[in-house]
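Nothing in this text is a laboratory measurement; each read-out follows from the coordinates by a stated rule. On a predicted model such as this, the values are computed, not experimentally measured, just so you know. Don't worry about glycine lacking a Cβ; one is built from the backbone with ideal geometry, like all the others, and counts go over all protein chains shown.
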């Protein structure tokens, strides 16, 4: 999978590294900013209030 | 030929599993560190906003004409949802100033501790009940189990400092035990005669199978103009 992706990033190696690093950074930002906050309430360790 | 395919398939599955592992690791980092960083920032901002707000606005005198309450607007449930209106100080847990916001939904609890909407405002007769995170999102009540009977809890509002004293060590109830936040705890419906405070949080760490409760009674109050109350200036016992 990663070999396949790597082959399909155009340009010389340093451009490939740059593109890959940017993509990873983007994915991490997406995860921390949107995906994890969305998943979090589904996890069992955040109920605080006394309620029904 | 099929050996080549099998190798490719195995490698792909392996890479997907590694990716999942890394993602789970990142989720742990998010829960353990990132939510605290964000919440600590938000809480500091709330506290400094409140202080600025209180410094500008000269608090209305207590005897001012009371706003005529609407049919659903009891003295107990005024205030905009989400707005911070008080600051909690618990000497036993350190010098942290914890903003109290109106409402207890999960998104609000990442900016402070949440005031149960149907409970009274600080200092009033009845039960001033707040919920806070035990873990993650700033974890204001992380060490609530270290509270001891007799510890003081100070609530700072626009015009007054309220000091409560805890009546007993922290105790555990079921998550469905709403009676702990009733005006008279354990006796919902009874008319309150005392000004109480109730802090609720999750127990144990990382789970929400139980609730840990700390209760206290109002023992002193003084206007802001009189300066910090003695509870915050004496060297109170710390747990650490």
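Residues considered: B:177, B:151, B:167. Largest GNM mean-square fluctuation over chain B, using C-alpha springs under 10 Å, is found at B:177. Taking all C-alpha pairs of segment B:32-232, those more than 32 Å from each other amount to 11 percent.
To the nearest ten degrees, helix B:2-29 and the longest principal axis of the Cα atoms of chain B are 10 degrees apart.
Against chain B, whose longest principal axis comes from its Cα atoms, helix B:35-56 is set at around 20 degrees. Full extension of the chain segment joining residue B:48 with residue B:33 gains 3.1 nm, where the gain is 0.36 nm per residue of separation less the Cα-Cα distance.
Applying 1/(1 + (r/R0)^6) with r as the Cβ-Cβ distance of residue B:18 and residue A:16 and R0 = 22 angstrom yields a FRET efficiency of 0.65. Using a Gaussian network model of chain B in which every pair of alpha carbons under 10 angstrom is joined by a spring, one finds that among B:47, B:181, B:13 the greatest mean-square fluctuation is at B:13. Taking each DSSP H run with n ≥ 4 as -39500 (n - 2.57) and averaging over every residue of chain B yields -7500 deg cm²/dmol at 222 nm. The per residue volume of the convex hull around the alpha-carbon atoms of segment B:81-151 is 91 Å³. Note: the protein assembly as shown, Cα convex hull, 202 Å³ per residue. Just so you know, the Rg over Rh for segment A:1-42 is 1.18, from Cα atoms, with Rh as the Kirkwood radius. Counting neighbouring beta carbons within 10 Å and listing from fewest to most, the residues B:143, A:2 come out as A:2, B:143.
Exposure proxy ranking for B:12, B:163, based on other Cβ atoms within 10 angstrom of each Cβ and starting from the fewest, stands as B:12, B:163. For segment B:118-190, the equivalent ellipsoid derived from the Cα gyration tensor has semi-axes of 19, 18, 13 Å, listed largest first. The ratio of the alpha-carbon radius of gyration of segment B:121-240 to the globular-protein estimate 2.2 N^0.38 Å is 1.07. The ranking of B:212, A:1 from fewest to most other beta carbons within 10 Å of each one's beta carbon is A:1, B:212. Comparing B:152, B:20, B:32 in a Gaussian network model of chain B (Cα springs below 10 Å), the most mobile by mean-square fluctuation is B:20.
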